[in-house]
Each structure stands twice: as structure tokens, then as C-alpha cells.
Amino acid sequence: MLEIVLATRNKDKVKEIKRILTHLKVKILSIGDFPNMPGVEEDRKTLRGNAIKKAKETAKYTNKISLADDSGLQVYALNRKPGVTSARFAGKDCNYKDNNKKLLKLMKNKKNRKALFKCVMAITVPKGKTKTVTGTIIGTISTKSRGKHGFGYDPVFIVPQYNKTFAELGLSIKNKISHRAKALQKIRKILQEMT
């Protein structure tokens, strides 16, 4: 059976990716299965750059096919910020709640609430090629946190066709329409060709 390593320590991401990639004949591991692997510094200026770096370094260390994701929320009224710094928007040791609080504060009097969620995934074969795919979804930023499901910016990102945040929609809908779900549908095809 094909083994792939998810190049992340984020347990929420691991859960979500495993859920979306069910029914594929692959064994999914994560960096958590390689406790001695050093951390990868996300120092690239783009989501694509960070995803490629994480995938390549993880494949090199584990000698297994590696899948990395870098996702970012781009808010139009904030000049496309937080973007590549989405995970650490409120500071180095911040959590999801801190990030959402900062975003809502910055958006307090903004009329244009349009936002784009973007996910870039890179898949690397050890000593081989790296392929990247992208998934996006356009929505708006809510005026307050809403809903109890998901993680990250899910409580503040409204999906227009439902007029609900990802956190209100729940996982079964989110995992079909989100930026990460769209990228993973493309990854699924690449993995099917490998198995």
C-alpha cells in the first residue's frame, strides 16, 4: 500500500485531510509519526513556496511521498492580508481565537468584506518531482464569530451560497466545497495514478 506523509503537525489539518481522502488505497502518516524530524521554517513569501519547501524537506527526511499544504486567507479590504501569515497573524504563539479576534477588530468599520481562501498543496516523491495544485473559495468576513465546527478562520468566513460560516455549515459540507477540499480533489487524481 502506498504511504504518504502529511507535512504538518497541525492535528486539525491531519484529521480534515484524512477525512477528505477516505476511500483511497493509501496509508496516511503525518510528521507526528516521525518525532525526531526537525521543524520546517515557513519562510517563503508565497503559499506555494512554503508548501513546496515543506513537501521536499519532509520527503527527504522520511524517504516517503510527502504532501504539504499551505493555506491563507486573503481579505480584500486589508490588502490581501493575512495571506501567507494567516496561521500566525496575531503573533508568534497565537491560537485560532487570537487570529479571529484580530481580524474582526481590523474589519470593524470596513464595508468591503470580500475574502478569498486559498490552499496550495505540494506533493513530492523522494528523489523525484514535486507537483502543486491550488484550491480557492470566495466568501465574506462576518462581523462576529459564528458556529462551533472546524478550525482556523472557519467561524468568520461566510460561504455566500449558504450565508453561513464554515463553522456553522459543519464538516460534511465544508469538506466538499472548501479551498482545501478542492485542492485535495486534484491531489486524489495524482494519488490514484500512483496506486
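Would you point out which residue out of Thr143, Thr136, Thr58 is under 23 Å from Ile31 (Cβ atoms) and either part of a strand (DSSP E or B) or modelled with pLDDT of 95 or more (or both)? If you could, list the steps in order and put the result at the bottom.
Numbers: Thr143 fails: under 23 Å from Ile31 (Cβ atoms); Thr136 fails: under 23 Å from Ile31 (Cβ atoms).
The conditions single out Thr58.
Hey, any hits in segment 143-152 for a residue that's among the hydrophobic types (A, V, I, L, M, F, W, C), closer than 23 Å to Lys108 by Cα, surrounded by fewer than 22 Cβ atoms within 10 Å (Cβ to Cβ) and touching an Asp or Glu at 6+ places or on another chain (Cβ under 8 Å)? Before the answer, list the steps.
Filtering segment 143-152 for residues among the hydrophobic types (A, V, I, L, M, F, W, C) gives 151.
From what is left, the residues that are closer than 23 Å to Lys108 by Cα are 151.
With the extra rule that they be surrounded by fewer than 22 Cβ atoms within 10 Å (Cβ to Cβ), the set shrinks to 151.
The next check asks that each one be touching an Asp or Glu at 6+ places or on another chain (Cβ under 8 Å); those that pass are 151.
Yes - at least one qualifying residue is present in segment 143-152.
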Inset, instruction - Could you tell me whether segment 91-103 includes any residue that is more than 23 Å from Lys81 (Cα to Cα) and buried (at least 18 other Cβ atoms within 10 Å of the Cβ)? - result: no
Inset, instruction - Could you tell me whether any residue of segment 84-98 is without any contact (Cβ under 8 Å) to a residue 24 or more places away in the chain and on the phi > 0 side of the Ramachandran plot? - result: yes
Legend entry - When residues of segment 148-192 are limited to those that are assigned to a helix (DSSP H, G or I) and touching a His at 6+ places or on another chain (Cβ under 8 Å), the one farthest from Lys25 (Cα to Cα): Glu168
Inset, instruction - Can you work out which of the residues in segment 153-179 that are over 14 Å from Ser142 (Cα atoms) and touching a residue at least 60 places away in the same chain (Cβ under 8 Å) is farthest from the chain's Cα centre (by Cα)? - result: Leu171
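What residue, among those in segment 65-76 that are touching a residue at least 60 places away in the same chain (Cβ under 8 Å) and small (Gly, Ala, Ser), is farthest from Arg180 (Cα to Cα)? Reasoning before the result, please.
Taking segment 65-76 and keeping what is touching a residue at least 60 places away in the same chain (Cβ under 8 Å), we get 65-69, 71, 73, 75.
Retained after the next criterion (residues that are small (Gly, Ala, Ser)): 66, 68, 71.
Numbers: Ser66: 16, Ala68: 11, Ser71: 8 Å.
Here the residue is Ser66.
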Inset, instruction - Would you be able to say whether some residue in segment 51-72 is surrounded by fewer than 19 Cβ atoms within 10 Å (Cβ to Cβ), among the basic types (Lys, Arg) and over 17 Å from Thr124 (Cβ atoms)? - result: no
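The values are calculated or read from the model by the stated rules, or taken from the named source; none is laboratory data. Bear in mind that the values here come from a model prediction, so they are computed numbers and not experimental data. We place every Cβ from the backbone using ideal geometry, glycine too, and count neighbours over all the protein chains shown.
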